[in-house]
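Comments concern the structure below.
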Amino acid sequence: MIAELVLATVFGLLLLGIHRKVIARIQRRPGPPVWQEILHMLKFSFKSTWVPATASATLFIGVVLVAIGIWTAAFFVVFTGGSLLVVFAIYMLHKIVEHGFGLSSGSPYGKFGGVRSVISAASEIPLFVSVAAIAIFTRSFTLSDIVLYQQVHGPLLFIAFPAAIAMYLVILSKMPSGPFSIVESKELVSGYKTEHFGVWRAGLEVCNGLKTTVLFSTFILVFIGQVPILWMVVGMVLLVISLSFACALTPMLSPFDSVTVQTIVTGLMLCYGTFLYVGGVA
Amino acid sequence: MQKHAARIAWAGVCISAGVVILHMAGSVPLWAYAAVLVLMFPVIIIGICLWWMAKGGKEDIPFIGY
């Protein structure tokens, strides 16, 4: 399983590299090579590293370990067909970890990034109401049951399209340079990760790679179903290309606009879920 | 520090390899195997990076906004 973990990390970083490349090409820039994020991670791992004098050393180092650990756990949950609720609980934990990254550094940029992470969590997490819509159809929160349901009834992408849009928005919120990426906004330098450099940043890159693979594979498993590994890879690449278009063509929203848009979508999703439940559509 | 990091990384690798072997032999259930890897994977990554990182550097005070 360690080999799979390493492969998932490298593949996730490759997807983030494709993301940067596609955004650059849309904006008529040459852009970095697609393996740039992998090189980035390696480069940071070789750099001389210490803990800043203003930082809380335990938290500063601890959050890096926790960040990698929680997405390793999420990887296991997804690939053993575990509960979707656990995956989203880990997503929530990640918001707390981002907050910890920002607060531990003692830098105002990091702190503002951490605060924005909490603000964005307030609007991203309610989007998980889409999980309720899925459960109305499948009568289960377990990934293996959701996959079985789709083998009989077809992909949930067509059956519960609004839920797919809400989940797509959750993933879009986590993509760099996206309309909802307020935690990494340039006026905050690098947001919550400003002061995490060298080895700590390499650890954060590993976490980002794993997180990307886990979130993308969850989306495909939940809305398309179990597909051969090659098709899974193709699906993830297509997903990242579509997200890149959304990121390249949309300006970053201000924090309150970001929260407003996500809250409106959550409201619409609640209406959809109520309609499914009361109307007995499923 | 770097020797210490190497020892920690190697300990992580040995524990992980041990639990993989025990899991394949059927002595360790999947949840315990997963729990050990969840704990050890970050330790191995950070341990290896701290081991091979460039030497030097001293703690500094970053920009604190004042």
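Nothing in this text is a laboratory measurement; each read-out follows from the coordinates by a stated rule. Everything numeric here is computed off the predicted structure, so don't read it as measured data. Reconstructed Cβ throughout: ideal geometry from the backbone, glycine too, with neighbour counts over all protein chains shown.
Applying 0.36 nm per residue to the separation of A:SER140 and A:VAL6 and subtracting their alpha-carbon distance, the gain on full extension is 45.2 nm.
Take each residue of peptide A:51-58, count the partner chain Cβ atoms within 10 Å of its Cβ, and average: the result is 3.
With a 10 Å cut-off around each Cβ of A:43-50, the average count of Cβ atoms from other chains is 5. Computed extension length for A:LEU42-A:THR80: 10.7 nm, one decimal, from 0.36 nm per residue of separation with the Cα-Cα distance subtracted.
Return the Rg/Rh value of the stretch A:41-144, two decimal places, where both radii are evaluated on C-alpha atoms and Rh is the Kirkwood radius. Rg/Rh for the stretch A:41-144 comes to 1.08. Under 5 Å between amide hydrogens, built in the peptide plane, is the criterion, and for A:SER83 it picks out A:LEU143 among residues at least 5 positions away or on other chains. Protection proxy ranking of A:269-279, A:75-85, A:7-17, by the mean of other Cβ atoms within 10 Å over each peptide's residues and highest first, is A:7-17, A:75-85, A:269-279. As a ratio to 2.2 N^0.38 Å, the alpha-carbon radius of gyration computed for the stretch A:16-70 takes the value 1.57. For the stretch A:137-144, 3J(HN,Hα) computed residue by residue from phi via the Karplus equation (6.51, -1.76, 1.60; θ = phi - 60°) reads 6, 8, 6, 7, 9, 7, 4, 5 Hz, glycine and proline entered as x. Restricting the stretch A:87-193 to GluC sites (Glu not before Pro) that sit in a DSSP loop and have at most 16 other Cβ atoms within 10 Å of their own Cβ leaves nothing. The calculated FRET efficiency for A:PHE275 paired with B:ALA32, based on their beta-carbon distance and R0 = 51 Å, is about 0.70. Inter-chain Cβ neighbour count for A:195-202, averaged per residue, equals 4 (cutoff 10 Å, partner chain atoms only). By definition, a body whose alpha carbon gyration tensor gives a ≥ b ≥ c is oblate when a/c is 1.5 or more and a/b is not larger than b/c, and the stretch A:1-99 fits this oblate description.
Computed over the alpha-carbon pairs of chain A, the distance histogram in 5 Å steps reads 1, 6, 12, 16, 19, 18, 14, 8, 4, 2, 1, 0, 0 percent, short to long. Rounded to the nearest whole Hz, the Karplus-based 3J(HN,Hα) values (6.51 cos²θ - 1.76 cosθ + 1.60, θ = phi - 60°) of the stretch A:198-213 follow the sequence x, 4, 5, 5, 4, x, 5, 5, 4, 4, 4, x, 4, 4, 4, 4, with x at glycine and proline. Among A:VAL87, A:VAL147, the ranking by other beta carbons within 10 Å of each residue's beta carbon, starting with the fewest, stands as A:VAL147, A:VAL87.
Once you have a ≥ b ≥ c as the square roots of the Cα gyration tensor eigenvalues for the stretch A:142-275, tell me rounded if a/c is under 1.5, and otherwise prolate or oblate according to whether a/b is larger than b/c. Here the stretch A:142-275 falls in the oblate category.
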